[in-house]
1. Among residues other than LEU368 whose Cβ falls under 12 Å from its Cβ, what is the net charge (Lys/Arg +1, Asp/Glu -1)?
2. Could you check the simple spin-label distance between LYS37 and ALA451, using points 7 Å along Cα→Cβ, in nm with one decimal?
3. If the cut-off is 13 Å between C-alpha atoms, which aspartates and glutamates fall inside it for LYS189, apart from same-chain ones fewer than 8 positions away?
4. Quote to one decimal, in nm, the extra length available between ILE44 and ASN510 on full extension: 0.36 nm per residue of separation minus the C-alpha distance between them.
5. Each label point is 7 Å from the Cα along the Cα-to-Cβ direction; what then is the distance between the points at LEU497 and TYR55, in nm?
6. Expressed as an acute angle from 0 to 90° and rounded to the nearest 10, what is the orientation of the C-alpha long axis of helix 50-59 relative to the principal long axis of the chain?
7. Using a 1.4 Å probe on the protein heavy atoms only, what accessible surface does GLU52 show? Give it in Å² to the nearest 10.
8. So how do ILE374, ILE527 rank on accessible area, 1.4 Å probe, biggest first, that is with the largest at the start?
Amino acid sequence: NFFYKSYFFLTVFCFIFFCFIFFQTGVWDKNKKEFLKRINLNGIVNYKYLPEIIYYKFNSILEKQKKIYIDINQKNLIKIENNRKEIIKLSKQIIPFEKVTAFVQSNNKRLKSEIRLKGDRPIHFEDRKNSSYRIDIKRGEVFDEMKKFSIQKPRIRNYLHEWVFHELLGQGGLVKVKYDFYDFYLNGKYLGYYSLEESFGKVMLERNKRRNGPIFSTFEYVNEFSDKNKYEVYNKKYWEKPDNIPIAKSAIQKINNFLAGKETLENVFDVEKWAWFFAVTDLTYTYHGTSIKSVKLYYNPVSGKFEPIGFDGHRLAPNYSEHTTKELPFLNDTNFFIARKKNSEKDKFSRGFWYTIEKDFFFQNNKLNNNFYISYVEAIKKISEKKFLDNFFETRKKKIKKINSGIYSDSYIYDYPSDRKSGIGIYYFKKKEIYRRAEFLLKEFSINNAALYIEEGQNELIFNSYNNNNIFLSDGKILCKNYEINLTEFKINNKTLYLDKNDKFNNTCNKVSFIDNISGNYFEYKINKY
């Protein structure tokens, strides 16, 4: 007994001594940044939330989840399996996904449908137990208000994050696809917890109170948003009818005219809805959703303008530790930052965002589009307010609990990049991170006192502006000793402006004041006299 006790205490002492030496030698200081970065990037940091995860696992026993039952006969199952093997062997560019007949059970009815495998990444179809499917219900029937939809493991769209992405889009009045979670049964066998993602068509538009109009995606191999784009329309049978082709062609011509510089953004796109779309992707890190092939273009025949339909946001960023922000600079990106970088020829291909579309909204002829930028910042301010986020999460608290319980009842491996199948990291939805991101966005798009330098010239005041947010400064006044001089309709831009001095201006006029249109804050700037 004495020997074993001595051995135990000696082991503890040696461990503590080793840790002390390790942290004192500088080895830790030299490598801790890389270590912290790796445990974040690989989802290992999420193990600290195990107590909450265990709670969700127990709660999953009590939660009653939605269910979807799909039946495929043996002959058609064999066709799908043979199709899977061929695709894995030869790739899906050579072998297309094969459609077969299936039946979806709904309210004691069997809905005749077509079903096939789906997905760009092998994770969608390489494992039979976790396969993704595309379903198209026939004869005008719908399942849970959906005619066409995909079913896939939650990991493929980064678990709860994709649902949050769609919910926030809906808050801005955008067309929102139905995105929900179900227990999935194939031929009576339980395959786990799946997400259902609606596809695009008339049923979806009607539920969103929109008139039926063409919905476009860019051709899969297009890598640039330009008037050379190739488009594909959803619901082809309808929109390729002789009577409907002119509508689709006219819509595409509008986009091409804009991209060729022949039409203004405001006449082709619903500015407020696109501004909200970019604000949502900024808040949720869902920049994958701004790629050319992800976002869908709905042409609203009533307004004559295009609206965005968010799709495949797929948040690629990890849960950041508060201590590793500087080591993970993705946190500092915004759609405006990306657009500005792409607007500079030398940085055109920087940071992997060449396939995203924001540049043409923020810049036209290499100049900032003030109208769109103002709408974008207004959307950023609204979506980042604590009051807005508190209400958003409070009204969805029960739903989030239910979804997380379903996720933790099944596999919850961290969503690694497509070239990695697995690792030891785990999923965790960190609401606090969205609040932290919101704080960053509010600061990023606020007036910076140091970014406006006002100096007195011989016969004028010279305004040197170094920040785009200065365009929100209005109600300008020159402050003199006993009076003020109103600057009627004087607007600050991100450039040097000259204002002629009038008879009232004298040596007692030392400051200029403005009101920030977004926040309502009051700002004063000293006039540099020398």
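1. Every neighbour counted, the sum reads +4.
2. Spacing of the two 7 Å Cα→Cβ label points: 2.8 nm.
3. Candidates past the 8-residue exclusion: ASP71.
4. Contour length minus the Cα-Cα distance gives 162.1 nm.
5. Distance between the two pseudo-spin positions: 5.2 nm.
6. Around 50 degrees separate the two axes.
7. 70 Å²
8. Descending accessible area places them as ILE374, ILE527.
The values are calculated or read from the model by the stated rules, or taken from the named source; none is laboratory data. The shown structure was predicted, so the numbers you read here are calculated from the model rather than taken from an experiment. Backbone-built Cβ (ideal geometry, glycine too); neighbour counts: all protein chains shown. SASA here: full protein model, heavy atoms, side chains in, ligands and nucleic acids out. Shrake-Rupley method; radii C 1.70, N 1.55, O 1.52, S 1.80 Å.
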